[in-house]
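Heads up, the thing below is written out as structure tokens.
The values are calculated or read from the model by the stated rules, or taken from the named source; none is laboratory data. Fair warning: this is a prediction, and the values are worked out from it, not measured in the lab. We place every Cβ from the backbone using ideal geometry, glycine too, and count neighbours over all the protein chains shown. Areas reflect the complete protein model, heavy atoms only, side chains present, ligands, DNA and RNA absent. Shrake-Rupley method; radii C 1.70, N 1.55, O 1.52, S 1.80 Å.
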Amino acid sequence: MTRVVVLWLNYNSSKIWNVVKESLHSVLNLERGNFNLTILIVDGGSTDGSPDLIRKYISEVEAKNEVVIHKLPENMGYAGNMNGGYEYAVNNLGADYVVFLNNDFIVRSDSLRRLFEWLVREGYVGVQGLELRPGGLIGNAGMFHDEFGQVIGMCGGYKIDDCDLNKPYFITFPIGSYMLYSVDFINELPGKMPFITETFVYFDDNYLGLMAWQKMQKVAFVPVIEGVHYGGLSIRSVSVHVIRAGSVASYLGIKSRTALWENMRCRHHTLFSLYKSRLYLMARLGLLNDSLRRGIFDGFKLAEIVREKVSVIDLEKAVHVEFPRSYYLARALIPGYSSMTNRDTHIKYLRKYIKYPDWLVR
């Protein structure tokens, strides 16, 4: 029978143990569908004793699912840690499908079974469902890139009834907090691995979705409530020694975006080049804070690694959002301009801007 392995990622989580424990409990009690299920606890070299807390909790509760713990020697970020877990899941557990899951996500018991049914029935290689925030508002309902590589989360901050989410739709990429992928698809990627380890974090879920579209494979949002994601708790545990000032998240975010920008082709190439050049010049002139400036320069180095492994990512081969040319012109010329994406990310608003690759609409 088909085997699904859930990669539940842990790193130095003792300070958020109450949330982590609830997440672990929910994962241990996921419903099985027409597949065998294994929960793989992937620990990225934690040093705070959290693996012992996890082992103790597992030994004390009654779980519906098989549990395996795999401890990595060091923290390699989301990308590297998930790669380590994925390799173990395929080689040691015989995974046919894998779930990538953060340890601050409280999953609904029927979510995986329903995600799997949608993926198999529709022939997708990757899916996500509806992610909620504590309090019941939507975290996101699928992720898009625009032509400048801006990330847009669908319906974030809305109530469920405010968004038209009763049918599946194509997205640029499923979000990495809870997503399901086919191992057969991942075997088509460089090194037969889901992520580029050197990217560490923030260039992982979008990379996977973009690479699916490059290979004429489909990823989608499907109408399944996944559960509640506390969002951001995991990254607070990350320690990056190269940063002496500023925000870890800002540094890692701009570093990953630079790596994408330097390896992405889009329709508005001239405006995009102008936009990047202005930002890079501001960095060289010291007009950006230290986290952003260092992130951009380190992003150039990361871009070379990405380029060597995957060459150029053509956004026109992916489902994405394309706003009017005037918007991109304003973004290229005016620092801080992003009024279009700051407006309304309701699906009814964005739908008219969603563009599909030629092969999908023929």
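Could you list, in sequence order, the residues of the stretch 287-318 that are among the aliphatic types (A, V, I, L, M) and outside any loop (DSSP other than H, G, I, E, B)?
Of the stretch 287-318, the ones among the aliphatic types (A, V, I, L, M) are 287-288, 292, 296, 302-303, 305-306, 310, 312-313, 315, 318.
Within the stretch 287-318, LEU292, ILE296, LEU302, ALA303, ILE305, VAL306, VAL310, ILE313, LEU315 qualify.
Can you tell which of GLY176, GLY209, GLY191 is in contact (Cβ under 8 Å) with a residue 12 or more places away in the chain and assigned to a loop (DSSP other than H, G, I, E, B)?
Details: GLY209 fails: assigned to a loop (DSSP other than H, G, I, E, B); GLY191 fails: assigned to a loop (DSSP other than H, G, I, E, B).
Step by step, each of GLY176, GLY209, GLY191 is checked, and only GLY176 is in contact (Cβ under 8 Å) with a residue 12 or more places away in the chain and assigned to a loop (DSSP other than H, G, I, E, B).
Please go through the stretch 9-36 and give me each residue that is among the charged types (D, E, K, R) and under 18 Å from GLY231 (Cα atoms), ordered by number.
Taking the stretch 9-36 as the starting set, the residues that turn out to be among the charged types (D, E, K, R) are 15, 21-22, 31-32.
Selection gives LYS15, LYS21, GLU22.
If you scan the stretch 258-269, which residues turn out to be part of a helix (DSSP H, G or I) and modelled with pLDDT of 95 or more? Lay out the reasoning, then the answer.
To start, the set of residues in the stretch 258-269 that are part of a helix (DSSP H, G or I) comprises 258-261, 269.
THR258, ALA259, LEU260, TRP261, listed by residue number.
With the stretch 108-163 as the region, which strands (runs of 3 or more DSSP E) entirely inside it contain at least 1 residues that are out of contact with any Lys or Arg (no Cβ under 6 Å at 6 or more places or on another chain) and open to solvent by 10 Å² or more (accessible area, probe 1.4 Å)? Lay out the reasoning, then the answer.
Details: elements: 126-132, 138-140, 143-145, 151-153.
Result: 126-132, 143-145, 151-153.
Among the numbered criteria (1) more than 23 Å from GLU31 (Cα to Cα); (2) not in a strand (DSSP E or B), which one does LYS167 miss?
(1)
Condition first: aromatic (Phe, Trp, Tyr) and open to solvent by 30 Å² or more (accessible area, probe 1.4 Å). Now tell me which residues in the stretch 170-208 satisfy that.
Just the residues of the stretch 170-208 that are aromatic (Phe, Trp, Tyr), to begin with: 170, 173, 178, 181, 185, 195, 200, 202-203, 207.
Those that are aromatic (Phe, Trp, Tyr) and open to solvent by 30 Å² or more (accessible area, probe 1.4 Å): PHE170, PHE200, TYR202.
Within the stretch 71-82, take every residue that is over 12 Å from ASN10 (Cβ atoms) and in contact (Cβ under 8 Å) with a residue 40 or more places away in the chain and give me the one that is surrounded by the most Cβ atoms within 10 Å (Cβ to Cβ). Working first, answer last.
The first filter runs over the stretch 71-82 and keeps only residues over 12 Å from ASN10 (Cβ atoms), leaving 73-74, 76-77, 79-80.
Right, trim to in contact (Cβ under 8 Å) with a residue 40 or more places away in the chain and you get 76-77, 79-80.
On the way: MET76: 20, GLY77: 23, ALA79: 25, GLY80: 22.
Looking at residues that are over 12 Å from ASN10 (Cβ atoms) and in contact (Cβ under 8 Å) with a residue 40 or more places away in the chain, I get ALA79.
Filter the stretch 33-70 down to the residues that are open to solvent by less than 60 Å² (accessible area, probe 1.4 Å), closer than 17 Å to ILE16 by Cα, hydroxyl-bearing (Ser, Thr, Tyr) and not in a helix (DSSP H, G or I) and list them by number.
SER46
Out of curiosity, is TYR124 more than 10 Å from LEU180 (Cβ to Cβ) and of a type outside the set (Asp, Glu)? Steps first, answer last, please.
Details: more than 10 Å from LEU180 (Cβ to Cβ): no; of a type outside the set (Asp, Glu): yes.
Spelling it out, it is not the case that TYR124 is more than 10 Å from LEU180 (Cβ to Cβ) and of a type outside the set (Asp, Glu).
Starting from the stretch 280-309, take each residue that is under 14 Å from SER256 (Cβ atoms) and at pLDDT 95 or above and list its partners that are part of a helix (DSSP H, G or I) and of a type in the set (Asp, Glu), counting only C-beta distances under 6 angstrom and pairs at least six apart or across chains.
ILE305/GLU198
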